[in-house]
Each structure stands twice: as structure tokens, then as C-alpha cells.
Amino acid sequence: MSDQLATLLDEQRRFPPDPAFTAAANATADLYQAAETDRIGFWAEQARRLTWMEPWHTTLEWTAPHAKWFLGGKLNVSANCLDRHLAGPRRNKAALIWEGEPGDRRVLTYWDLAREVNRAANAMKARGIRRGDRVAIYMPMIPEAAIAMLACTRIGAVHSVVFGGFSSESLRDRINDAEAVAVITTDGGYRRGQIVPLKRYVDLAVAECASVTTVMVVQRLAGTASAEAGATMKPGRDFWWHDLLRAASSRCEPEPMDAEDLLFILYTSGTTGKPKGIVHTTGGYLTQVAATTRWVFDLKDEDVFWCTADIGWVTGHSYVVYGPLANGATVLMYEGAPDWPNRDRMWEIAARYGVTVFYTAPTAIRAFMKWGTEHPARHDLSTLRLLGSVGEPINPEAWIWYHSHIGNGRCPIVDTWWQTETGAIMISPLPGVTTTKPGSATHPLPGVSVVLLDTKGVALAKGGGFLALTEPWPSMLRTIYGDDARYQETYWSRFPGRYFAGDGAKVDDDGYWWVLGRVDDVLNVAGHRIGTMEVESALVDHPSVAEAAVVGKTHELKGQALAAFVILKEGNHPTAQLKDDLKDHVARKIGAIAKPDDIFFVADVPKTRSGKIMRRLLKDIAEGRTLGDTTTLADPAVVAKLKDQYESDEG
């Protein structure tokens, strides 16, 4: 990346830790020194904070690219998330605070949650589900989703959570790849006031899944609505959750699991080919997830932690369920959309429950920006003390908006980089320790070894390149389920002996890391590498722009040219003059080489149901190709509208 293209990320604003926050912070600067002095011993020390049934004899066995952590050690994840909190004051502390989209509410204490998990575990055993069996979970964000996950860990079953927004075909493929023996679902769920008929989708999927013998169904909807959703029950296969749990004991001894026993499979939402089942194991995963939750979110017993991710994604696994509960935290879960029925729904919930730590995605933050400051301003957000960002690089101006209008200028922001494959956060500020820069994930966490590489695999001290990991970490994926050759080819072949994360990054003169997004989002324009995040940040920096998505399109002279899809803030209108102003604005921010050839004003861009922009589809549109798979989109109609508009503008 040339120096002229780095100007946007040469961020001059600095936000040092508040001394009062530092004085009480969980993380301290000496964590870095301890990890540097003895990295393996450092992770062993973090593991000892968990409750083990049997100690390990070897901390790490590493035969690249395969790692085994805490060999010989035995533990149980649900016991670490529940049982060890029951003997003290956390017994009657809120573990889960839940709000449904229609406004229904529940609170489960650690005692309540433990009883429900034990009953669910016994109900699963009664249906013949055993240690090592795979169980698919296909549910909305309701307490039973977390209960089902924890019940699987209690008996040693392996869960495969499938996001409730995926189609029946996607569910079918994931069930078949894992050869799941059971599915846990609901009769339906709510999304923007509409009923989502999840049981009907399960029936379609399971009709082509020979391995499934049991379907457990949580009754989320009232009787009439349940029938309307098509939740018919097949005798001998389908069972109502409440009936099974009513007959089950509230005591189930936790299964002693080897540290390297399979904990869960989570399928990455790849756009083509066979689903890619990421394998995570028990001891290493829980060690790093628990540690990073403690450091990065600074969780205290009095906190109310709201991670807005769905449990269908790794963020929901690690930072809604396992990390917070292992630390005895109070977790908020919300079922619905952030703007239903009103655009202040999130802030109304945050104020009502006194949320103290809030973790969400840049896509959501940019939506909040677009909707306007009046919505958070209506609510008392004074309980907030820490904000987080996850899922994609955050634009500096979105960071500043988040800091100013949600954190009221007083909350540190932890911008986190990690992946489904890494299991836990890898690069992030430590609140109370790290001086932050808007848009930068700052530094690798203690015990994490990250390197910047050029195209030949040579390490770079600074500048732009590829982000890779050089040493094994406890929560790393162990393989791709059923396809170790694909695991080695996908992650370890580009730079032998080093895990290539698939992301481009920049390290600035101060040693701060700026993640630029997937390498296929880093474009080559006339021999210059341009990160789409850089151009998007420049566009969002303009006062008229709420959100932008930039893709490359083939150009006979430049190789690639830039096409930008721009969503304007309310009250602004698309004009030819504004289009020229935006191009000039990008040129001023980055350099003439980064000026977009095309700017299209749009009402929306295609996003997955988890909120990620589908740049692949935008590229298809920009280059006039047949559109790829749109089954994971929140609104597939957006793509067709954009394609028609693009072709009309081109004509």
C-alpha cells in the first residue's frame, strides 16, 4: 500500500485511558510482559482460572498445522459456566435477561439456568443422545437457545448451531455434513412483527436428512400462531420441549470431557461449495474465550453485558454464551430487529436494563448514524461504561459517532478483530491500558502472535500486507469437520507454517494494526493496492453519507476500477453535483488514484441476515454478471432493484 493511499488511516486523534478506569481495570499492562516472557506458561495460567476435573500433563503439543492444548486435562464447559457459580453469591444473580421482539421478558438466575440446562440435558439423554453425537440447533434468540447449547456441553454432545435466518436447504446441508442425530428448534420466531416458521423449515430440511431421529420443539408462539406457522408434529420423531423437560430430573452430572474433545462445529457462511464446518474443542476454546471476555470487556459482577450478536454466529457462541457465563456475568439477550417497532428500540432496552457494556457491529453503528442522533438522545444511557465493535473494520467517523453519541465521550471503545476460525478475540485494545485510535484494532492481545507479510511471505515492520498468525493459540480451530486436507489447504498453504487469516492489514508508524478487510476486498488499481475499507471510510467521512460499499470492477486500462454504492443520510438527495463532490472528497482524503469511477446512490445494499455487506453480489452487479447465491440475504429483492438501477444508469 503506497504512502499516499495510507493518508486516511494516518489517524491523528488519540484517546488515552481514563485514570479512574485504569485503576479498576481487569487487564493490566504487565499481561503483555508475562506473555512475552513465557507464552505457553501464560496460557497455562489463564487455563488454571477454570475448574478442571483432572489436571493436564502437557500444555501444548504442536505439530504444524495441528495443535493440542492442555493434554490429559478434563473439564466440563457447562460446569464452568454454571455449577461453579452456584455455591456463592452468584447463585441468585441474573445470568440471562431476555426480551422478545413483541416485548415479553424473562430473567433467569444462575440457579434457574442451571436447573433448566440439567433438565434439557436429561431430556436429550432420554431421547438417546449421547457423548459425541452431533445436535443441530436452529432457533431465534431466546433463552432456550443458550440452554440447548449448554445442555449439549453437559452430556458431551457436539452442537452445530445454524443461524435461524438460513434457508431449509442451508440447514439440510449442515445437518448432513455433521450427520446430526437431533435438531432443536422452535415452532417459530418473530422478526419485524412477522412470524418466521422455523419448524416448517426444519421439516423441509429433515425430510432429506437420514441421520435425524429426534426433533425437539420449543413452543415460542401462542397456540393459534403456532398452528399458523405450520408447526405440525410428526409422531415418534417430534417432541415438544416443555413436555420432555417436565418429565426430566433437574440434576444431571456433568460429563468429564478431555480438553481436546470436540465442543462444537460452526459452519462458515461460504457462498459456494460444500459448507465448511469449523471445529472447536473444549479446554483451549474455553480458556481463551473466558480470558478475553475478562480482559477486553472488563466485566465485573455488577455489569449488564449486551452483545447484540445472534447465537448462530461465533460472536454469539463466544461472547453471548460461553465467555460471559464462564465469568459469572449478567448477559442481555434480545430476539428482534434493532429498529422494530421503532428506531430507538435498542436504546430503550439499554436504558431499561441499565446496560453497562455494549458490543455490536459497525454495520449497526452506521445504521444508527443514518437514523439520526435523536433516537439515542431520548434515553438515559449513562450506565454505559464500555463500548465494543465486532465483525468488520469500523470507519473512523463511525467510531467517533459511537464514542460521542452512544458513549457520551466517556466510554472506551474496544474495536476487536477475530474470526470464526480463531474462536476468540485476537487483536483489540485492552481498556484501561491501551491508547486508542479511531478505526484501529490497535495491538494483538497478550499471548497472540501476529505478523504482517508481503506477497512472498516476508515479514514487514509496517505498511500494508497480509495478516497472518505465527504461533498456535488455545481457541484456534483444530480442523474442518471431515476434511482435514481442506483445512490445511485453506489456512496453511499460502504461507507455509503460518496461519493466513484471509485479511489484509496495515501497521502504522506507531505499530498500530488497521484491519482492511478480506484480501478480495483489497483492490489493485493501476498497480496500487487500495483497501475498500479506506475508500468507504472516506465516503462515510462526507457529511451527506450514511453508509458506503465499494467494489472493484474490471477496467481495461487500470485492471480494476472502483464502483461505490452510497446510502445518503436522511434529508440529503442524490444529485450529479453531489456525485462529483464525493469523488473529489475521496481524492482529497486518499489521492486521485482512489477516486471512484462510478458512484451509485441507493436506498440499501445487499446484506446477510447478520448484517454483513455482500460485496460479492455488488461486484456481480457492477460487472453485469449472473447473480450468485442470494439465499442468505436479509432482503433478496434489494439485489434485483440495484441491478436494474445500475443497468439503467449505465445505459
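Can you give the calculated 222 nm mean residue ellipticity of the chain, where each DSSP H run of n ≥ 4 adds -39,500 (n - 2.57) and the sum is split over every residue, rounded to the nearest 500 deg cm²/dmol? Provide the component values of the computation, followed by the final result.
Details: 21 runs with 191 residues, N = 651.
Helix contribution divided over all residues of the chain: -8500 deg cm²/dmol.
Report the local net charge at Leu460: Lys and Arg +1, Asp and Glu -1, summed over other residues whose C-beta lies under 10 Å from its C-beta.
Surrounding charge for Leu460 is +1.
Using a ≥ b ≥ c from the Cα gyration tensor of segment 327-448 (square roots of the eigenvalues), is it rounded, prolate or oblate, where a/c under 1.5 gives rounded and otherwise the larger of a/b and b/c decides, a/b for prolate?
Numbers: a/c = 1.65, a/b = 1.49, b/c = 1.10.
Prolate shape, in that a/c is at least 1.5 and a/b is the bigger ratio.
State the antiparallel share, in %, of DSSP beta bridges confined to the chain, rounding to the nearest 5. Don't skip to the answer; put the middle values down first.
Numbers: 60 of 97 bridges.
Restricted to the chain, the bridges split so that about 60 percent are antiparallel.
Which order, highest average first, do 139-149, 209-219 follow once you tally other Cβ atoms within 10 Å for each residue and take the mean per peptide? Intermediate values should be presented prior to the final figure.
Working: 139-149: 26.0, 209-219: 19.6.
Ranked by mean Cβ neighbours within 10 Å, highest first: 139-149, 209-219.
Among 473-483, 123-133, 572-582, what's the highest-first ranking by average C-beta atoms within 10 angstrom per residue?
Details: 473-483: 22.0, 123-133: 16.9, 572-582: 13.3.
Per-residue Cβ counts within 10 Å, averaged per peptide and sorted highest first, yield 473-483, 123-133, 572-582.
Compute the FRET efficiency between Glu45 and His379 as 1/(1 + (r/R0)^6), taking r as their Cβ-Cβ distance and R0 = 35 Å, and round to the nearest 0.05.
Working: r = 41 Å, r/R0 = 1.17.
After rounding to 0.05, the efficiency reads 0.30.
Obtain the nm distance between the two label points defined at Ala24 and Ala87 by a simple spin-label model: each point lies 7 Å from its Cα along the Cα-to-C-beta direction.
Simple spin-label model gives 2.8 nm for this pair.
Using R₀ = 56 Å, calculate the FRET efficiency as 1/(1 + (r/R₀)^6) where r is the Cβ-Cβ separation of Asn342 and Thr63; round to 0.05.
Numbers: r = 55 Å, r/R0 = 0.98.
Step by step, r from the Cβ atoms, then E = 0.55.
Kindly express, to the nearest 10 degrees and within the range 0 to 90, the angle between helix 168-178's C-alpha long axis and the longest C-alpha principal axis of the chain.
Approximately 60 degrees, to the nearest ten.
Can you classify segment 99-191 as rounded, prolate or oblate using the Cα gyration tensor, where a ≥ b ≥ c are the square roots of its eigenvalues, rounded means a/c under 1.5, and otherwise it's prolate if a/b beats b/c and oblate if not?
Details: a/c = 2.61, a/b = 1.10, b/c = 2.38.
Oblate, since a/c reaches 1.5 and b/c is not below a/b.
Roughly how tilted is helix 283-296, in degrees to the nearest 10 and between 0 and 90, from the longest Cα axis of the chain?
Computed tilt is about 60 degrees.
Which of the three applies to segment 558-615, rounded, prolate or oblate, going by the alpha-carbon gyration tensor with a ≥ b ≥ c and a/c under 1.5 meaning rounded?
Values: a/c = 2.25, a/b = 1.25, b/c = 1.80.
Since a/c reaches 1.5 but b/c is at least a/b, the shape of segment 558-615 is classed as oblate.
How would you order 233-244, 328-339, 40-51, 173-184 from highest to lowest mean count of nearby Cβ atoms within 10 Å?
Details: 233-244: 14.2, 328-339: 21.1, 40-51: 17.2, 173-184: 23.1.
With the highest mean Cβ count within 10 Å placed first, the list reads 173-184, 328-339, 40-51, 233-244.
Rounded to two decimals, what ratio of Rg to Rh does the chain give with C-alpha atoms and a Kirkwood Rh?
0.95
Just so you know, all these numbers are worked out from the coordinates, no wet-lab data involved. Quick caveat: nothing in here was measured; it's all calculated off a predicted structure. Cβ coordinates were reconstructed from backbone atoms using ideal geometry, including for glycine residues, and neighbour counts include every protein chain displayed.
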